[in-house]
1. Note down the nm distance, to one decimal, between modelled labels 7 Å out along Cα→Cβ at A:Lys324 and at A:Ile4.
2. Taking H placed 1.01 Å from N in the peptide plane, check which residues at least 5 places from A:Ile50 or on another chain put their amide H under 5 Å from its amide H.
3. Report, by chain and number, residues whose modeled amide H sits under 5 Å from the one on A:Glu242, excluding near sequence neighbours (fewer than 5 apart, same chain).
4. For chain A, modelled as a GNM with alpha-carbon contacts under 10 angstrom, which of A:Asn104, A:Asn202, A:Asn322 fluctuates the most?
5. What FRET efficiency do you get for A:Glu341 and A:His214 if R0 is 51 Å and r is their Cβ-Cβ distance, rounded to the nearest 0.05?
6. How many percent of DSSP beta bridges within chain A run antiparallel, rounded to 5?
7. Would you work out the charge dipole size for segment B:33-257 about its Cα centre, treating the Cβ of every Lys and Arg as +1 and the Cβ of every Asp and Glu as -1, and quote it to the nearest 20 debye?
8. Please arrange A:Phe123, A:Phe155, B:Phe243 by how many other C-beta atoms lie within 10 Å of their C-beta, fewest to most.
Amino acid sequence: MSEIRLMKGNEATAEASIRAGCDAYFGYPITPQSEIIEYLSDQGRKRGMIVMQVESEVAAINMIYGAAGAGARAMTTSSSPGISLMQEGISYIACAELPCLLMNVNRGGPGLGTIQPSQGDYFQSVKGGGHGDYHLIVLAPASVQEMADFVYLGFDLADKYRNPVLLLTDGALGQMMEKVIFPDYDPKAHKLPKPWATVGKNSNRPPNVITSLHLHSDEMEKINLRLQEKYRKIEANEVRYELMNTEGADVVMIAYGLTARICQRVIELGMQSGLNVGLMRPITLYPYPYEILAKLSEQVNGFFVVEMNAGQMVEDVRLGVNGKVPVGFYGRMGGVIPTAEEILHSLQLFMKSIAVKEKV
Amino acid sequence: MSEIQVPTNGMEVVWEKPKTLTDTRMHYCPGCGHGVVHKVLMEVIADLGIQDKTIGVAPVGCSVISYNYMNIDMQEAAHGRATAVATGIKRVLPDKLVFTYQGDGDLAAIGTAETIHACNRGENFLIIFINNAIYGMTGGQMAPTSLLGMVTSTTPEGRQVETQGFPIKITEMVATLPGTYYITRQSVHNPTAVRYLKKAVEKAFKHQLDKKGTCLIEVVSNCPSGWKMNPVEANKWLEQNMFPMYSPGDIKIEGKLVEKKPTTTPDKKETKL
Ligand SMILES: Cc1ncc(C[n+]2csc(CCOP(=O)(O)OP(=O)(O)O)c2C)c(N)n1
Ligand code: SF4
Ligand SMILES: [Mg+2]
C-alpha cells in the first residue's frame, strides 16, 4: 500500500531504503545527512536491516564492497568530506562491478568547508572521483519525493548494470520537509539473482572471486573495454531529464537539484518581466543528457547554466551545445544558495549580451 | 579441475592435496611462508568440511592473488581494508565462515583502524596475520613490525627508534580488547611449528562456528627475498631475531589473557633444523 508522509529529504531516503529492501547500511555521521543513520538505527533495525555506525567512511565503503560482493543490497551515505574518503573504495567497487547505492548530501568545500548546501562535488561525482576509467550512474533528485523515488530506481539500476549508483543531492534538499508518497514496491519482485556473489562455493561451480586486480595489461584492458561497453549501454538507455517551458523559449536554463527548483521560480519571474525562458533539468548527471542539448541548440538563442559552484556542469553543457549558441553561467559558492532574483538579474544581462530583446 | 592419476602400486597414500587447494602453481619465492600457511589453512577447511560455507578475504601484499590457490569463494580487498570487507560479508551472511589473510603492512600499518575496530566489535571471523617484518610485495621496505636495526630498502642503516619508532605488537594490542576471543602467535619455520599452526587454525574455526568473537592468529613468517637470505638462513634468522620480539604461543584463550609463558612454544630440539 502506498503511503503519504511529511518528511525531511534525508528521512525520506532512509525510509525508502527500508522499503526498497536494502539489506545493509554502513555509515559514519556527518552533517547535513546524519538523520539517515539515525533514522535507520531506529526504523531500519526494527524492520530487519543491518545498520552499522562504523569507524570511518573508509571502513564503511569497504564494508559495502564486502556486503555487495556477498549479494546483499547495500547502501552508504555521507557528505562531501566523507565521500572524498570513500573514493578509493568506490573505484574498487566500480571495477569489481558491485551493485550498491551511495548518496552524497553535498556541502560546501573545499576542505572542511561549511555544512551549508553546495553542488561543488559535481566533477568528483560524474568525472570519476577515484582512480581509473570508471563511471557511477549519478542521479540528481530535486525534491524530497525524488530523494525517496531515486532510492528504488538507484537500487534497480545498480542491480541491472552491476554498477554503483550515486544520488547527488545537497544539504538543503536533505534538510527540507515536504510531502512524500511511498509507492508500492516489492523488493522481491525487483531483486535480481546474483550468481556471481561470494556466498560459499558449492560443488557444482568454480569459486566466485570478487576482485579488481588483473596484473596482465591485456587482461586489464579487456576489463576496461567491458566496462566501457557497459557505459555506452547506460548512455544509450538511461538518460533522464525534465523540460519546462522550452517550447519556443529564447533561452533555456540548465540546472539540477536545488538550483533547478530555484530556476522554476526564475521562469515565473521572467514571464512577469516579459522574458521567455525555459529550463532543462538533468536528472541523470551521468549519463548526461547531451542529445537534448544538441537538439535544443537548433531552437534557442542561448543556454544559461546555474550551479552552486564555480562552474562545473557548465563544461558538459558546452560539450552538448558544441559552440552552436552562447552559453552563460551564474554560480554561487561556499554554501550560498542563489536567489531567484539574482539569477534573473544575471540572466537578463546574459540575454542583453547575446541581444535577445525583452518583449515588453 | 583435472585429476592427476598417479599409479600407487599398492603404496599407501600418506598425503593428498586437499580439494580446497587449486592446481594453480603458487608464485611465492622458494622457502616463503605464505605457501605453507595457505596449505595449512586449506587443509583445515577441507578437514572440517566447510569448503562450501567459507568465504576468504585476500589482502594487498604478496598474497594478493591467494584466491588463485584457494578453492573457495573469495574477495580481494583494498590495501588494509580486509577486516572491513570481511565485516560486510559476515554481517550479511552470519552463518557462513569468514577469514581474512593479511600481511603486516596491510594489517598493522594502513589497516590499523579497521583491524582494531573489527576486533573491538568482536566480529565473528578469523584474522590470519602474516608477520614477515617487511613489505614483501613492494620490494622489501620497512614494515611497522620491522625489528630495530633491521636493514630494509627504506632503512638502509637499520631501523632507528628516533626516526622510525618501535616495532608494533598489534597482536598483543588487540588481545586487550574484550571483543577478541582467541589470540595466538604461531610460526611456520619448521614442521612442529606448522603442526601447531594447524591446531590453532582448527581451534579458531571451531570458535567461529560457536560464534565466540574475533580470533586472530599471527604467523611469524619469513621473506627470504626481502631479507636477502636463502630459506635456511631466513628460518634461522627468524628464530634468533623475530622470536625475542614476537614470542610464539597463545596470548588469549577463551576470552582470557594468558598470564604466564606461552604453552605452545615449538619444541627446542626440532627448531634446530
Ligand atoms: C593504497 C595503497 N598503498 C600502497 C600500495 C602498495 N603496496 C602493495 S603491497 C604493500 C605492502 C605489503 O606488505 P605486507 O602487507 O607486509 O605484505 P607482504 O607482501 O609482506 O606479504 C604496499 C605498500 C597499495 N597497493 N595500495
Ligand atoms: S617477496 Fe617475500 S613474502 Fe613475497 S613471496 Fe617472496 S619471500 Fe614471500
Ligand atoms: Mg609483510
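A short reminder: the numbers here are calculations on the coordinates, not readings from a lab. In this text the structure is predicted, and so the values were computed from the model without any measurement. Cβ: placed from backbone, ideal geometry, glycine included. Neighbour counts: every protein chain shown.
1. My value for the distance between the label points is 4.1 nm.
2. A:Ala24, A:Tyr25
3. Amide H to amide H, under 5 Å and 5 or more residues apart or across chains, A:Glu242 pairs with A:Arg281, A:Ile283.
4. A:Asn202
5. Computed FRET efficiency for A:Glu341 and A:His214 comes out at 0.40.
6. Antiparallel bridges: around 30 percent, rounded to the nearest 5.
7. Numbers: 21 positive and 20 negative charges, 84 e Å.
Dipole size: approximately 400 debye.
8. A:Phe123, B:Phe243, A:Phe155
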